[in-house]
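A.B. asks: One structure follows; several queries about it will come next.
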Amino acid sequence: MQLLNNELYLLDLLVKTRLISPEQRKMVITGMEVQRQKIVRAMQGKGGVPLKEIRDSIELIDIILSFKLELPGKKGVNLSEEMIIRAVAADRKLPFKKLDPLELDLDVVTKTIPQSFAVKHLILPFAVKNGVLHVALYEPDNVTVLEEIERANQIKVKPYLSSRTDIRRMLAEFFGFQSSISAAETQIASPMVDLSNLEQYVKISSSKEIASSDRNIKAAVEHLFNYAFDERASDIHIEPKRNVSRVRLRIDGVLHTIYELPKVVHQAIVSRIKTLSRLDIAEKRRPQDGRIKVEHEGVESEIRVSTIPVAFGEKIVMRILSSTVIFQDISKIGFSNRDFTIYKSFFESPHGIILITGPTGSGKSTTLYSTLKHVSSDKINIVTIEDPVEMVHDDFNQIAVQPQVDVTFSSILRNILRQDPDIIMIGEIRDLDTAANAIQAALTGHLVFSTLHTNDAISAISRLVDLGVQPFLVSSTLLGAMAQRLVRTICPHCAESVTIKNSMLAPLGFPVSPDKGEIQLRKGKGCRKCRGTGYLGRCGIFEIFPMSGKLKIMVNQGSSIKEIETQAIAEGMTTLRQDVWQKVKNGITTYEEALRVCGAS
């Protein structure tokens, strides 16, 4: 009998490690057969699996987990598969491995042992270090299997225990993706061109080969999309290099390399993505933009596609815009009480201009869409002008800029007032014409949202003036401006208190007294949930000011940006640096992340 299906061993171990109580052990033994039948009935009819195969696939751990046992003394925390395997690993004196797809080597996973062997024995080779093959397995007593791997590969094996769920998922993802890529590579691969041979032999693929290759590329692209969604990626980069095609994911603002593919499949993958996003697959010399509408686990998302020619081919960047991310509760995206009160006064105003500033990737779209969703109702006509439309929503009337047919921000704004809008959202104010029309809309009783690319909130004023807008028009229409950035938040699963000397923080610009000793802050020590980074998720930091009476006078008088900023701070404006420092003190982010985003003063 396999160790993990040995009732006496496993249940006694769980009691010994206080993962279940003696009473829960008795309940599991008494109700085991009833639970087994419940699981069988729930699985019947799914995928046409025979009844005997269903019964054979149910293991002791499945039955234990089906009871949804609460950990003794920990209300609301249920026993999990990972907890059980960790306990077994400690008992058998084996290291536990939480499998992270970003840490796995694609070639090691897929080329060390056959897929059928890996699936049958639930075993996953994941890395080679210092001449030792590191292998994750589910059944701790699979000594024979490990010996077979050592003999076949002529390499020493170091075993780790991992959960069955993780091993199965990694095997499916990696072998599925690799088999698709390998099959496509075989179909697409052709002899190198010999320029000196005037009678170059050209092999024309049969219809069957073309269909097979196309099917493999489709599967590879679908694997890539699923992978990105599972890893919470915001962007997918597919980059042609001299000999390979590199695939990277941006997760919580940081890029991670996940695959290096054979160069021969790069163009086929690019063509598949261009087909899905309705781009011209024949055009490889000019940049193109498109979009793909997808559904993942019942949630609809938009993938914005951008292609551009680079040194070794076409590079594709895909931005994933999930409705669950881009439409959020605006009170929970990072505003302080003071800043939220001011911002709320902006969007509750009947007319005027609200400007949101910051570089690309600072969360401006999320703030704008979340605000529009918050204020939308059947009584309000919301019109947006975007380049491109980032997330289609039924509550808004969204217009895409199309310069090739003279549909620009300014040309739409000149005609949009005939559409009886209450709220207008302009993707970006880029020129005087757009700015003038936005101000005209605000003067005629409309609430206008827009963005500018400036480093701080106050600079929005000078940017409008630099475009050619008269200062008196800025002061009379601008309700206020807000600058924002995104910082990574501390992982709640591994957060711990740390003591930092003030003498180290003061030179970096943080408001502490260098002669007052130490300060207690928080940081993530790194765990499998956050991939050892100490961060999980992101939140906004903000700098926001309302256009007060005093500030209006200063703008009209042509005061310098420094003078206007000094007055805004005197009236209570919190700068980006002050806001991020407050989040550091509150244990939301770290001082290192604050420095990364805002820099040292």
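Taken together, the values in this text are just the output of simple stated rules run on the coordinates, not laboratory data. Keep in mind that this is a model prediction, so the values were computed, not measured. Every residue, glycine among them, receives a Cβ derived from its backbone with ideal geometry; neighbour counts consider all protein chains shown.
A.B. asks: How would you classify the stretch 106-171 from its alpha-carbon gyration tensor, with a ≥ b ≥ c the square roots of the eigenvalues: rounded for a/c under 1.5, else prolate if a/b is greater than b/c, otherwise oblate?
C.D. replies: Since a/c stays below 1.5, the shape of the stretch 106-171 is classed as rounded.
A.B. asks: Compute the orientation-averaged projected area for the stretch 524-601 from the convex hull of its Cα atoms and round it to one decimal in nm².
C.D. replies: Convex hull of Cα atoms, orientation-averaged projection: 6.2 nm².
A.B. asks: Quick check on packing: order 407-414, 280-287, 230-237 by the mean number of other C-beta atoms within 10 Å, highest mean leading.
C.D. replies: On the way: 407-414: 19.1, 280-287: 10.8, 230-237: 17.6.
Listed from highest to lowest mean packing, they are 407-414, 230-237, 280-287.
A.B. asks: Report, in debye and to the nearest 20, how large the dipole of the stretch 106-171 comes out about its Cα centre when Lys and Arg carry +1 and Asp and Glu carry -1 on their Cβ.
C.D. replies: 180
A.B. asks: Another question, if that's okay. Net charge near residue 573: determine it from the other residues with C-beta under 13 Å of the C-beta of residue 573, scoring Lys and Arg +1 and Asp and Glu -1.
C.D. replies: -3
A.B. asks: Would you mind putting 290-301, 434-445, 121-132 in packing order, based on average other-beta-carbon counts within 10 Å, highest first?
C.D. replies: Highest-to-lowest ranking by the protection proxy: 434-445, 121-132, 290-301.
A.B. asks: Among rounded, prolate and oblate, which fits the stretch 3-91 when a ≥ b ≥ c are the square roots of the eigenvalues of its C-alpha gyration tensor, a/c under 1.5 means rounded, and a/b larger than b/c means prolate?
C.D. replies: Prolate is the answer for the stretch 3-91, as a/c is 1.5 or above and a/b outweighs b/c.
A.B. asks: For the chain, give me every cysteine whose Cβ has no other Cys Cβ within less than 4.7 Å, ordered by residue number.
C.D. replies: Here 539, 598 come out as lacking a disulfide-compatible partner, given the Cβ-Cβ threshold of under 4.7 Å.
A.B. asks: Still on this structure, please answer the following. Projected onto the charge dipole of the chain (+1 at Lys/Arg Cβ, -1 at Asp/Glu Cβ, origin at the Cα centre), which of 527, 481, 288 gives the Cα projection farthest towards the positive end?
C.D. replies: Ranked along the dipole, the leading option is 527.
A.B. asks: Where does helix 266-276 land angle-wise versus the long Cα axis of the chain, in degrees 0 to 90, nearest 10?
C.D. replies: So the inclination is approximately 60 degrees.
A.B. asks: Additional query: Could you compute how fast the chain diffuses translationally, taking Rh as the Kirkwood radius over C-alpha pairs and applying Stokes-Einstein at 4 °C with viscosity 1.567 mPa s? Give it in µm² per second.
C.D. replies: Stokes-Einstein gives a translational diffusion coefficient of 46 µm²/s.
A.B. asks: Please arrange 175, 312, 449 by how many other C-beta atoms lie within 10 Å of their C-beta, fewest to most.
C.D. replies: 312, 175, 449
A.B. asks: Rounded to the nearest 500, what is the chain's calculated 222 nm mean residue ellipticity when only DSSP H runs of at least 4 contribute -39500 (n - 2.57) each, over all residues?
C.D. replies: Numbers: 23 runs with 244 residues, N = 601.
Computed ellipticity for the chain at 222 nm equals -12000 deg cm²/dmol.
A.B. asks: As a footprinting exposure proxy, order 70, 147 by other Cβ within 10 Å, with the fewest listed first.
C.D. replies: By the 10 Å Cβ count, ascending: 147, 70.
A.B. asks: Right, something else. Explain nothing, just the number: dipole magnitude of the chain about its Cα centre with +1 on each Lys and Arg Cβ and -1 on each Asp and Glu Cβ, in debye rounded to the nearest 20.
C.D. replies: It comes to approximately 1280 debye.
A.B. asks: I'd like to know which of 178, 84, 503 lies farthest towards the positive end of the charge dipole of the chain, counting +1 on Cβ of Lys and Arg and -1 on Cβ of Asp and Glu.
C.D. replies: Of the candidates, 84 comes out farthest on the positive side.
A.B. asks: For the chain, take the longest principal axis of its alpha carbons; what is the angle in degrees between that and the long axis of helix 22-43, to the nearest 10 within 0 to 90?
C.D. replies: 80
A.B. asks: Measure nothing but the geometry: give the 0 to 90° angle between the long axis through the Cα atoms of 143-153 and the longest principal axis through the Cα atoms of the chain, rounded to 10°.
C.D. replies: 70
A.B. asks: Identify, among 118, 101, 343, the residue whose Cα sits farthest towards the positive end of the charge dipole of the chain, taking +1 on the Cβ of Lys and Arg and -1 on the Cβ of Asp and Glu, with the dipole about the Cα centre.
C.D. replies: With unit charges placed on the Cβ atoms, the residue in question is 118.
A.B. asks: Let me ask something else. Listing 588, 423 from the residue with the fewest other Cβ atoms within 10 Å to the one with the most, what is the order?
C.D. replies: 588, 423
A.B. asks: Defining a contact as two alpha carbons under 8 Å apart and six or more residues distant in sequence, what relative contact order in percent does the chain show?
C.D. replies: So the answer I get is 8 percent.
A.B. asks: If you take the square roots of the eigenvalues of the alpha-carbon gyration tensor of the stretch 288-329 and sort them as a ≥ b ≥ c, do you get rounded (a/c under 1.5), prolate (a/b over b/c) or oblate?
C.D. replies: Here the stretch 288-329 falls in the prolate category.
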